[in-house]
Amino acid sequence: MSERLPLWAWSAAGLILFFGLWQGAVSSGAVSSFVLPSPLEVLERMWKLMNQPFAGALLHEHLLSSFGRFMGGFLLAAVIGVPLGLMMGRFRLLEDIVTPLFEGYRYVAPLAWVPFAALWFGTGIGGPIMVIFTGAFAPCVINAYRGARLVDSYLIEAAQTHGASEFRVAREVLLPGALPSIVAGLRIAAGLGWQSLIGAELIVVSSGIGFVMVQGQSNLSPSTVMTAMAVIGLTGLLIDIGLRQIESRVRAKWEGR
Amino acid sequence: MSEIVIDNVGKVFGEGGGRPFLAIDGVDLRVEDREVISVVGPSGCGKTTLMRMVAGLEHPTSGEVRVGGKRVTGPGPDRAVVFQQFALFPWKTVRENITFGMRSRGATKAERDAAVAHYLTLMKMEGTEDKYPHQLSGGMQQRVAIARSYATDPGVLLMDEPFGALDAQTRTIMQEELVRLTNDNPRTVMFITHSVEEAVYLADRVVVMARNPGRIREIIDVATTRKAEKWSEEPIDDVMEMPSFTHLRGQVWRLLREQMGSDI
Ligand SMILES: Nc1ncnc2c1ncn2[C@@H]1O[C@H](COP(=O)(O)OP(=O)(O)O)[C@@H](O)[C@H]1O
Ligand SMILES: [Mg+2]
């Protein structure tokens with residue numbers, strides 16, 4: 001017992017066990033591969049989708065169009081949400097005006113916006129972007145707001161008594177002061193935005209990973225559905241890892257200041 | 001001209017919600033252009049509140065403050081504040097901190113570079129321009145905060161116990177530096193301190209405050225004595241042993257000590 005396995009070894013063992021049991025269950029015939037495609041089938045299907053157009057495009061082209069929509073909605077949420085949150089943290093009046101509306105909006109699931117998103121912005125790029133936006137917006141606002149509230153009021157006053165305009169206070173004091181909190185919020189926003197996007201694609205668009213899933217379902221191809229799910233999960237994971245890197249870098253840089 | 005006129009100013013905290021508290025009551029004070037005044041008084045007598053009203057960070061509930069003939073309605077770079085907490089921007093370098101106020105008034109890069117070099121040399125901090133505040137000692141941080149306010153070139157400099165956090169040695173250096181800075185480049189200064197020695201050493205006049213409610217107890221003239229006794233030509237330690245100095249210090253002390261139950 002003295003030799004302890006490193007953590008990654010446990011994670012790897014867990015994954016191998018999980019996929020092994022899964023593969024075993026299907027290969028042995030205990031579970032029909034039509035109900036649950038095996039991991040190997042999924043890998044095979046993935047390879048095929050990457051080389052043969054499905055639902056009008058190759059798998060990575062679908063992924064790229066999903067990712068483009070995601071970035072559009074996510075960046076829009078950040079660009080509007082972060083300044084709004086900072087201003088709410090700075091001005092009590094704005095906070096009082098926005099909070100009740102915001103609290104109500106927060107509890108409406110992003111998918112509930114799909115009909116209006118399609119109605120207002122169409123099913124091309126505008127509608128899906130709006131759905132991601134509604135998913136990603138709240139954490140951008142909330143974390144920027146919390147971060148701004150935590151900025152030492154003396155720093156704001158120091159900026160003011162040295163002639164800073166409101167714009168400079170926001171850009172040079174509130175934004176950097178709230179940055180660790182903002183970046184943490186962006187990570188949450190990205191996760192929610194990515195989830196909302198797939199939901200939206202299931203309903204409206206005619207390309208993207210969500211669309212691949214819908215098509216897989218209507219073609220009675222569970223391995224296609226499962227492949228799309230794997231791609232969604234992996235991409236979400238990669239987005240999160242990327243933002244986590246940024247987050248820890250910001251934290252390290254801000255540490256002890 | 002940057003004279004400060006505090007005209008029958010009162011300040012009540014917690015009006016409209018909570019129990020109203022009279023922090024400042026009927027304060028009248030005129031600080032002449034380029035005059036240095038220090039403010040002493042027991043803690044809670046409203047020194048910070050008075051200074052914040054001059055800075056425009058707090059609004060009088062009665063009376064008004066005028067600086068250079070204009071009524072104060074908010075903060076501005078004509079009244080730079082050196083805060084007790086230093087309040088340096090942690091994510092900005094020494095250079096960026098010092099030039100923060102200069103950028104507000106549109107100073108060129110050349111002017112800013114010159115100012116950074118000037119103040120860092122003056123404060124014996126050469127080579128620190130690209131360091132961040134957390135990499136500096138408390139004394140150095142305070143010097144940067146003072147340089148930031150000086151470089152802003154305000155008509156009025158407001159300082160709230162700026163040397164309070166420093167060890168005795170650094171404090172002495174900073175006091176001498178402040179005297180030199182105000183000699184080289186005179187401006188109106190309002191300097192709050194807990195230290196009677198510091199108050200007498202630095203100021204043209206010492207304003208002694210009393211509390212409950214916060215008000216001015218007495219104003220003691222120092223400038224006449226300083227000029228007559230040529231304090232500025234002596235090192236600080238020698239000045240503080242001169243009879244002219246100890247006499248004034250005793251006078252301020254008595255005014256403070258007679259305030260019952262005060263914790264100075
Ligand atoms: N924002 C505030 N709200 C309520 N009371 C305050 C506020 N600021 C200061 N006070 C009160 O006003 C009095 C004077 O405070 P202050 O100006 O900080 O005194 P000093 O600087 O002389 O120690 C104190 O009793 C303090 O508790
Ligand atoms: Mg105070």
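The values are calculated or read from the model by the stated rules, or taken from the named source; none is laboratory data. Computed from a predicted model, the values in this text were never measured in an experiment. Positions of Cβ are backbone-derived with ideal geometry, glycine not excepted, and every protein chain shown enters the neighbour counts. In case anyone asks, the SASA skips ligands and DNA or RNA and just uses the protein heavy atoms, side chains included. Shrake-Rupley method; radii C 1.70, N 1.55, O 1.52, S 1.80 Å.
Data table
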{"read-out": "Accessible-area ranking of B:W231, A:W113, B:W91, largest first, probe 1.4 Å", "value": "A:W113, B:W91, B:W231"}
{"read-out": "Per residue solvent-accessible surface (Å²) - the protein assembly as shown, probe of 1.4 Å", "value": "48 Å²"}
{"read-out": "Contact order relative to length of segment A:61-255, as percent, for alpha carbon pairs under 8 angstrom and 6 or more apart", "value": "27 percent"}
{"read-out": "Qualifying lysines (Cα of each under 18 Å from Cα of B:K11; at least 8 residues distant if same chain)", "value": "B:K47"}
{"read-out": "Percent breakdown of C-alpha pair distances by 10 Å bin, ordered from the shortest bin, for the protein assembly as shown", "value": "4, 15, 19, 18, 13, 11, 9, 7, 4, 1, 0"}
{"read-out": "Between 0 and 90°, nearest 10: helix A:7-27 axis offset from chain A longest Cα axis", "value": "40 degrees"}
{"read-out": "Tail beyond 20 Å, pair distance distribution of segment B:84-153 (Cα, percent)", "value": "16 percent"}
{"read-out": "Chain B: C-alpha gyration tensor shape, a/c 1.5 cut-off, then a/b vs b/c", "value": "oblate"}
{"read-out": "Stokes-Einstein translational diffusion, chain A - Kirkwood Rh over all Cα pairs, 0.692 mPa s, 37 °C, in µm²/s", "value": "158 µm²/s"}
{"read-out": "Ellipsoid semi-axes in whole angstrom, largest first, where each is sqrt(5λ) of the Cα gyration tensor of segment A:70-181", "value": "31, 14, 11"}
{"read-out": "Centroid-to-centroid separation of segment A:220-257 and segment B:201-231 [C-alpha atoms, Å]", "value": "64 Å"}
{"read-out": "A:F167, A:F54, ranked by accessible area, largest first (probe 1.4 Å)", "value": "A:F167, A:F54"}
{"read-out": "Area of A:E255 that stays accessible when all protein chains are in place (1.4 Å probe, Å², to 10)", "value": "130 Å²"}
{"read-out": "Candidate lysines - alpha carbon under 27 Å from B:K131, same-chain residues fewer than 8 apart omitted", "value": "A:K253, B:K92, B:K109"}
{"read-out": "Rounded to 10°, Cα long-axis angle of helix A:126-150 versus longest principal axis of chain A", "value": "40 degrees"}
{"read-out": "Helical contribution to [θ] at 222 nm, DSSP H n ≥ 4, -39,500 (n - 2.57), averaged over chain A, rounded to 500", "value": "-26000 deg cm²/dmol"}
{"read-out": "Solvent-accessible area buried by pairing A with B, both sides, nearest 100 square angstrom, 1.4 angstrom probe", "value": "2000 Å²"}
{"read-out": "Solvent-accessible area of A:W22 with every protein chain in place, 1.4 Å probe, in Å² to the nearest 10", "value": "50 Å²"}
{"read-out": "Largest to smallest accessible area among A:Y107, B:Y150 [probe 1.4 Å]", "value": "A:Y107, B:Y150"}
{"read-out": "Net charge of neighbours whose Cβ lies under 13 Å from the Cβ of A:G236, counting Lys and Arg as +1 and Asp and Glu as -1", "value": "+1"}
{"read-out": "Overall form of segment B:44-101 per C-alpha gyration tensor (a/c, 1.5; a/b vs b/c)", "value": "oblate"}
{"read-out": "Rounded to whole Hz, the Karplus (6.51, -1.76, 1.60) HN-Hα couplings of segment A:187-204, x for glycine and proline", "value": "5, 5, 4, 5, x, 5, x, 4, 4, 5, 4, 4, x, 5, 5, 4, 9, 9"}
{"read-out": "Computed accessible area, A:I203, all protein chains, 1.4 angstrom probe, square angstrom", "value": "100 Å²"}
{"read-out": "Charge dipole magnitude, Cβ of K and R +1, D and E -1 - the protein assembly as shown, Cα centre, debye nearest 20", "value": "1060 debye"}
{"read-out": "For B:K131, residues with placed amide H under 5 Å, excluding near neighbours", "value": "B:V94, B:R95"}
{"read-out": "Net charge contributed by nearby residues that have their C-beta within less than 15 Å of A:F67 (K/R +1, D/E -1)", "value": "-2"}
